[in-house]
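In what follows, a single structure is set out as structure tokens and then discussed.
The values are calculated or read from the model by the stated rules, or taken from the named source; none is laboratory data. Quick caveat: nothing in here was measured; it's all calculated off a predicted structure. Here Cβ is always computed from backbone atoms with ideal geometry, including for glycine, and neighbour counts include all displayed protein chains.
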Amino acid sequence: MDSFRRGDLVFDVLDSGPADGAAVVLLHGFPQSARAFDRLSPALHAAGLRTLAPDQRGYSPGARPKGRSAYVLREVVDDVLALLDAAGLPDAHLVGHDWGGLAAWALAAWHPWRVRTLTVLSVPHPAAMSQALRTSDQALRSSYIGFFQLPAVPEAVLLAGQGALLRRTLHGAGLPEHLVDAYLDRLREPGALTGALNWYRALPLQARTPVGTVRVPTLHVWGDRDPYLGRAAVEASAEYVAAPYRLEVLAGAGHWLPELAADRLGELLPAHVRAHS
């Protein structure tokens, strides 16, 4: 498949690997796209796995609804369920990074029968994150979120000078130039950056729907040089998993694990899938 539909929204998806392999859904975050998994996917294919990587809402040109309420986790999770249904899959192995990780936590908690295994890259469980915001340096690490939630101003600042600020930030974090260019090209499309930022603007609405306990086998991978997500929230995530759980800390790794730690993930993910298949 190269796309799927949910209502009036049309999502682009990269479907690759052996057609008869166990399916792995790969969910990207901000400001990425499905291309974030380009280095990881071949290792999963070599292990006999099929990968489905959608460009999520706000990122797919045909799926940029207006208003922050369209970007709450319930909507995002239902997008992934629509992907599974369109692919004829009763369940799949689920991998999420950054915002895709939050969506993955939620899907696994709310629809465990659709998730064979969960792998979350970087992001702690939302309840652990809330706890850490009160008790650690996580509030400082997350201070940029308040700026992202402002109306209109972030779009103007982040895209000024051909996206110079965002480009410097991503380059400084070590992302390869071709990926920085690809991500910025997508965000310059009409409505794309607003859609991506609406994930942050929807955060105040999330408290109405707590994620709850995850009851599927979970692998949690975190880089100990991640500037945005600290150890306290990551280590507390185990409290919210009532199933086999493993935290893998990648020494010296930062936030962009799909792009910059693909080799190690290419070992960890197939092993996690095999152990719980």
Practice prompt. Return the pairs, sorted by first residue and then second, in which the second residue is among the polar types (S, T, N, Q) and outside any loop (DSSP other than H, G, I, E, B), the first residue lies in region 49-72 and is more than 20 Å from residue 155 (Cβ to Cβ) and at pLDDT 95 or above, the beta carbons are less than 6 Å apart, and the residues are 6+ apart or on different chains.
Written response: 51/16; 51/41
Worksheet item: Which condition breaks for residue 232 when tested against (1) over 19 Å from the mean Cα position of the chain (by Cα); (2) under 21 Å from residue 102 (Cα atoms); (3) surrounded by fewer than 17 Cβ atoms within 10 Å (Cβ to Cβ)?
Response: (3)
Worksheet item: If we keep just the residues of region 120-159 that are more than 20 Å from the chain's Cα centre (by Cα) and of a type in the set (Val, Ile, Thr), which is nearest to residue 209 (Cα to Cα)?
Response: 135
Item to complete: Name the single residue, out of those in region 190-229 being among the basic types (Lys, Arg) and part of a loop (DSSP other than H, G, I, E, B), that is farthest from the chain's Cα centre (by Cα).
Response: 208
Item to complete: Just one of (1) closer than 30 Å to residue 242 by Cβ; (2) modelled with pLDDT of 95 or more; (3) buried (at least 17 other Cβ atoms within 10 Å of the Cβ) trips up residue 201, so point out which.
Response: (1)
Response to the item:
When residue 264 is run through (1) more than 18 Å from residue 124 (Cα to Cα); (2) crowded, with 21+ Cβ neighbours inside 10 Å, the failure sits at (2)
Response to the item:
residue 222 passes all but one of the listed conditions (1) surrounded by 15 or more Cβ atoms within 10 Å (Cβ to Cβ); (2) more than 30 Å from residue 17 (Cα to Cα); the exception is number (2)
Fill in: Index of the failed condition, residue 209 passing every other in (1) modelled with pLDDT of 90 or more; (2) in contact with a Lys or Arg (Cβ under 7 Å, 6 or more places away or on another chain)
(1)
Worksheet item: Out of (1) closer than 27 Å to residue 269 by Cβ; (2) crowded, with 21+ Cβ neighbours inside 10 Å; (3) in contact with a helix residue (DSSP H, G or I) (Cβ under 6 Å, 6 or more places away or on another chain), the odd one out for residue 127 is which?
Response: (2)
Worksheet, complete the sentence: Restricting region 62-96 to residues that are part of a helix (DSSP H, G or I) and of a type in the set (Gly, Ala, Ser), the one surrounded by the fewest Cβ atoms within 10 Å (Cβ to Cβ) turns out to be 69
Worksheet item: In the list 64, 50, which residue meets the criterion of being more than 28 Å from residue 165 (Cβ to Cβ) and not small (Gly, Ala, Ser)?
Response: 50
Item to complete: State whether the residues of region 38-46 include one that is in a strand (DSSP E or B) and surrounded by 22 or more Cβ atoms within 10 Å (Cβ to Cβ).
Response: no
